[in-house]
Structures are given as C-alpha cells and as structure tokens.
Amino acid sequence: MNDVPNLARDADDRLYSPEVRSALAGFAPGEDTGVLEAAAAVRAAARSLEALRSRGTGSRGLSPGALDILMRLHAGSSNIKDLAASAGVSSRNVTGLVDTLERAGLAERGPDPRDRRAVQVRITPEGRTWLEEFRRPSQRAMAALFRGFTAAETTQLRHLCLRLAENQYHLTRHLEDR
C-alpha cells in the first residue's frame, strides 16, 4: 500500500488510511478490521523508518545491518556468535557484515582470549569516529520524525511495538511446537 499515505481522521480524531481501510473491508467483509489496520500501520511505520535509516547509512557507505553491528561493537568487543544472538540474525549474516566493516576500516577481528577457536570483533578508532559523525544527524532526524510526540507517547509506542514483537515470538514458538 502507499508509502506516502493519504490519511484521514476518524470520529475520535485518530489517523487512519482510507485506502487501507477500504482494501481490508473487501478482504474481510462485515468484520472488524481494527487489528488488520493496526498491522498495516505498523508495516507502514517500519517501512518509513527503514527508508530513513537506509538513506542515512547508504549515503555513508554502510547498510543498516552493518550499522547495527557497528553500534553493538561500540559497547565493547564481541565474538561473531554473541553478535548474531544480540542482533537476532545468523552467524553467517554477521560474518558478512563484519567483512564489510573490516573492509571499511571500521572494525577488526582478533583472537578471542576466552576461546582460541573463536574470533573477537572490535570497533576501530575510525569506527568510533564514523559513529560519532553519524549520531548527530541521526538524532536530528529522529527528533524531526517524532516531532509532536510527548515522552509518554514515545514510551507507549516503544512498549506497544515490543509487545507485538513478544507476541510474535510466542506465536512462532507455539506454531513450531505443533
């Protein structure tokens, strides 16, 4: 559905997409489409955030995935397995992202002092500089994106999005156990 939505306000002065509502009414005639509309709104918001993030990282030569790993390394060195677990992706995926960061001079591999079979990844001074230069414009972009939101609203939004993620996790586990 449309990335630049034509939005309207309902009787309670809440935003909605007439196009999405109409499409969903045809999909589920006579049924309440509230949760379907909410899911469509979450997808639209996620696409918007990802587009903004891709624009910001792409102009600096990094994918959003590589940025995720670099930000995790800013907190301290880690091995590939732990990076993958914290990012919620495969070790193979992280290996490719670390390769990209290494080629850019933003991260480096070295021996893991706790496990000689493992590789430790750490951010370089160039990586720290890159993140610092990226941080300020990112903060300005997020401030503009969340303009007009109260602190309570951003906290509530975070909470609701994480509840969705948590419910999806439990649903996936339930379906896998069947």
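The values are calculated or read from the model by the stated rules, or taken from the named source; none is laboratory data. Fair warning: this is a prediction, and the values are worked out from it, not measured in the lab. Every residue, glycine as well, gets a Cβ built from its backbone with ideal geometry; the counts of neighbours run over all protein chains shown. Calculation scope for accessible area: heavy atoms of the full protein, side chains included, ligands and nucleic acids excluded. Shrake-Rupley method; radii C 1.70, N 1.55, O 1.52, S 1.80 Å.
Can you work out the FRET efficiency for the pair Arg117 and Thr154, with r the C-beta to C-beta distance and R0 = 35 Å, to the nearest 0.05? Show your work: numbers first, answer last.
Working: r = 43 Å, r/R0 = 1.22.
With R0 = 35 Å, the Cβ-Cβ based efficiency is 0.25.
Taking the C-alpha atoms of region 6-72, how large are the radius of gyration and the largest Cα-Cα span, Dmax, in Å?
Expressed in Å, the Cα Rg and Dmax of region 6-72 come to 16.8, 49.
Keeping the other protein chains in place, figure out the carbon and sulfur percent of the accessible area of the chain, with a 1.4 Å probe. It would help to have the intermediate numbers written out before the result.
Working: 6900 of 12620 Å².
Within the chain, the accessible surface is 55 percent carbon and sulfur.
Let me know the whole percent of all Cα-Cα pairs from region 107-153 that are separated by more than 16 Å.
Details: 667 of 1081 pairs.
Across region 107-153, Cα pairs with separations above 16 Å total 62 percent.
Around Thr33, what is the net charge, scoring Lys/Arg as +1 and Asp/Glu as -1 over all other residues with Cβ under 13 Å from its Cβ?
Working: positive: Arg21; negative: Asp10, Glu19, Glu31, Asp32, Glu37.
Charge balance near Thr33 sits at -4.
What list of ³J(HN,Hα) values in whole Hz, one per residue of region 148-164 in order, does the Karplus curve 6.51 cos²θ - 1.76 cosθ + 1.60 (θ = phi - 60°) give from phi, with Gly and Pro shown as x?
Going residue by residue, I get x, 7, 7, 4, 5, 5, 5, 5, 5, 4, 4, 4, 5, 5, 5, 5, 4 Hz, with x marking Gly and Pro.
At 0.890 mPa s and 25 °C, plugging the Kirkwood radius over alpha-carbon pairs of region 79-178 into Stokes-Einstein gives what diffusion coefficient in µm²/s?
Numbers: Rh = 16.9 Å.
The estimated diffusion coefficient comes to 145 µm²/s.
Using only DSSP helix segments of four residues or longer, with each worth -39500 (n - 2.57), what per-residue ellipticity at 222 nm results for the chain after dividing by its residue count and rounding to 500? Present the calculation step by step, with values, prior to reporting the outcome.
On the way: 7 runs with 115 residues, N = 178.
After summing the helix terms and dividing by the residues of the chain, the value is -21500 deg cm²/dmol.
Applying 1/(1 + (r/R0)^6) with R0 = 30 Å to the Cβ-Cβ distance of Glu19 and Leu162, what FRET efficiency is obtained, to the nearest 0.05? Don't skip to the end; give the middle numbers.
On the way: r = 28 Å, r/R0 = 0.93.
For R0 = 30 Å, the calculated efficiency reads 0.60.
Per residue, how much space in cubic angstrom lies within the convex hull of the C-alpha atoms of the chain? Walk me through the numbers before you get to the answer.
Details: hull volume 30.5 nm³, N = 178.
Here the figure is 171 Å³ per residue.
What is the angle, in °, between the Cα long axis of helix 18-27 and the longest principal axis of the Cα atoms in the chain? Nearest 10 is fine, range 0 to 90.
Between the helix axis and the principal axis of the chain, the angle is about 80 degrees.
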